[in-house]
Amino acid sequence: MTDLSWLTARPVAHRGFHDMNKTRWENTLSAFAAAAERGYAIECDVHLSSDGVPIVIHDDDLQRLTGQDGFVWQRSAAELAALKVGGTADHVPTLQEALDLVDGRVPMVVELKGTPGRDEGLVARVGKMLKHYKGKAAIMSFDHWLIRDFPKHAPGIPAGLTAYGKDAKLIEAHFSMLAHELAFTSYAAGDLPNPFVSFVRERLKMPVITWTVHDQPAIALTFRYADQITFEGFEPDLVEVA
């Protein structure tokens, strides 16, 4: 089994170390620089541009983050790079820009955001980038159709399921994804404990990180039932977990 101790060794900054979009916005180079400077691992979100470039942005709709109408998949990488995030000096970055900036200083956890019919090649392109990246990196997704492509198009990259929920139907769906060479899971902190997380952590010895942690109760819940937090809105102590 691949050693993934690096994945849970330090807190993971959700969309980088931003300030809840006051002056330093989520998923920007400024947020990634701030996380790396503080020694936090970084979670970021990736969509595919119209010309097939992995772009770091959470929403498929551009309005909240850039004030523009339309969708990420309708714009080229160059067009997206020209957009400012939240009215700041930060532009919408490519994944390659983010990787170049972080430069292996801290781990990267890249969440792939699927858009049905618009994401062909996303897994392969991200997988190729991370294969050539000198730092520690992993991929994950909520989207089962993308996860099914991970073994084929991103071999060798630690792959995770991003998930939530406690009801039987959701738990059953999560279990079905274990057939696709998962190496870890990222689970909603408020939905702990549950049978899926207990099984993968205790029986499969699979690392579990949680999202998105904002306060001490969620920290306590995480370390009771999982291994590390994905956080935002505060600055956790940087105590490496052995």
Report task. Note down all Cβ pairs under 6 Å where the first residue falls in region 156-182 and is in contact (Cβ under 8 Å) with a residue 60 or more places away in the chain, the second is open to solvent by less than 10 Å² (accessible area, probe 1.4 Å) and not in a loop (DSSP other than H, G, I, E, B), and they're at least six residues apart or on different chains. Result -> Pro158/Ala138
Report summary line: Counted residues in region 137-148 being under 20 Å from Leu95 (Cβ atoms), open to solvent by less than 60 Å² (accessible area, probe 1.4 Å) and not β-branched (Val, Ile, Thr) come to 6
Query - Out of Gly70, Gly127, Gly117, sole residue that is open to solvent by less than 60 Å² (accessible area, probe 1.4 Å) and on the phi > 0 side of the Ramachandran plot - result: Gly70
**Report entry** Criterion (in contact with a Pro (Cβ under 8 Å, 6 or more places away or on another chain) and either among the hydrophobic types (A, V, I, L, M, F, W, C) or open to solvent by 20 Å² or more (accessible area, probe 1.4 Å) (or both)) met by exactly one of Ala89, Ala81
**Finding:** Ala81
Report summary line: Exactly one of Met129, Met140 is in contact with an Asp or Glu (Cβ under 7 Å, 6 or more places away or on another chain), of a type in the set (A, V, I, L, M) and under 23 Å from Val12 (Cβ atoms), and that one is Met140
Report task. Specify the residue that is nearest to Lys128 (Cα to Cα); the eligible residues are those in region 29-75 that are touching a residue at least 12 places away in the same chain (Cβ under 8 Å) and of a type in the set (Lys, Arg). Result -> Arg75
Query raised in the report: Looking at region 1-23, which of its residues are out of contact with any Gly (no Cβ under 8 Å at 6 or more places or on another chain) and either aliphatic (A, V, I, L, M) or open to solvent by 50 Å² or more (accessible area, probe 1.4 Å) (or both)?
Result: Met1, Thr2, Asp3, Leu4, Ser5, Leu7, Ala9, Val12, Ala13, Lys22, Thr23
Report summary line: Across region 149-183, the tally of residues that are exposed (fewer than 15 other Cβ atoms within 10 Å of the Cβ) and basic (Lys, Arg) stands at 2
**Report entry** Only one of Phe231, Phe175 that is hydrophobic (A, V, I, L, M, F, W, C) and more than 15 Å from the chain's Cα centre (by Cα)
**Finding:** Phe175
Query raised in the report: Inside region 1-37, can you point out the residues that are more than 20 Å from Asp103 (Cβ to Cβ), modelled with pLDDT of 95 or more and more than 15 Å from the chain's Cα centre (by Cα)?
Result: Leu4, Ser5, Asp19, Met20, Asn21, Lys22, Thr23, Trp25
**Report entry** Any chance Glu202 is at pLDDT 95 or above, in contact with a Pro (Cβ under 6 Å, 6 or more places away or on another chain), among the charged types (D, E, K, R) and open to solvent by 10 Å² or more (accessible area, probe 1.4 Å)
**Finding:** no
Query - Residue that is farthest from Gln228 (Cα to Cα) [pool: residues in region 25-44 that are among the charged types (D, E, K, R) and buried (at least 19 other Cβ atoms within 10 Å of the Cβ)] - result: Glu26
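The values are calculated or read from the model by the stated rules, or taken from the named source; none is laboratory data. Remember, predicted model here, so these are calculated numbers, not experimental data. Note that each Cβ is placed from the backbone with ideal geometry, even for glycine, and that neighbours are counted across all protein chains shown. For the accessible areas, the whole protein counts, side chains as well, though only heavy atoms, and no ligand, DNA or RNA atoms are used. Shrake-Rupley method; radii C 1.70, N 1.55, O 1.52, S 1.80 Å.
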